[in-house]
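Below: the structure, in structure tokens.
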Amino acid sequence: QVQLVESGGGLVQPGDDLRLSCKLSGNIDSIRVLGWGRQAPGKQRETVASMSTRGEINYVDSEQGRFTIFKDNAKNMVYLQMRSLKPEDTAIYYCNAISGRLSYWGQGTQVTVSS
């Protein structure tokens, strides 16, 4: 079992930057891929960034250059740095961990971009 707890969401203005955090616990050594997904109102959840234990990092094409995923192994944390936020980035953002055939998700943190 892997537990994920996100934090850092909130109401921001267009153009602002925001960093989301995800605290990992449980069977962390079993994790092979970490990532962030988001679900906007009325839309399906999409993965926006992922990184494997082999160092492979991928971003959804639309966010290439604006989003950065990184982790702090000592703190068991994974982060999503978001820059120049747009209203269309408004969504619930979820932390994701893949361990074997299992995919774990956190409870999500709301990000609202509005003036």
### Message
Please verify whether Tyr79 is surrounded by 13 or more Cβ atoms within 10 Å (Cβ to Cβ) and at pLDDT 95 or above, treating the condition exactly as stated.
### Response
yes
### Task
List the number of the failed condition for Arg19; all other conditions in (1) within 14 Å of Gln110 (Cα to Cα); (2) open to solvent by less than 70 Å² (accessible area, probe 1.4 Å) hold.
(2)
### Task
Just name the residue that is farthest from Asn96 (Cα to Cα) out of those in the stretch 39-50 that are assigned to a loop (DSSP other than H, G, I, E, B) and among the charged types (D, E, K, R).
Lys43
### Message
Yes or no: the stretch 57-70 includes at least one residue that is closer than 15 Å to Gly9 by Cα and touching a residue at least 60 places away in the same chain (Cβ under 8 Å).
### Response
no
### Query
Considering Gly42, Gly100, which residue is within 22 Å of Gly10 (Cα to Cα) and open to solvent by 30 Å² or more (accessible area, probe 1.4 Å)?
Gly42
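The values are calculated or read from the model by the stated rules, or taken from the named source; none is laboratory data. Note that the coordinates shown come from a computational prediction; the quantities given were computed from them, not determined experimentally. For neighbour counting, all protein chains shown are included, and Cβ atoms are generated from backbone atoms with ideal geometry for every residue, glycine included. To get the accessible areas, we keep the full protein, side chains included, count just its heavy atoms, and leave off ligands, DNA and RNA. Shrake-Rupley method; radii C 1.70, N 1.55, O 1.52, S 1.80 Å.
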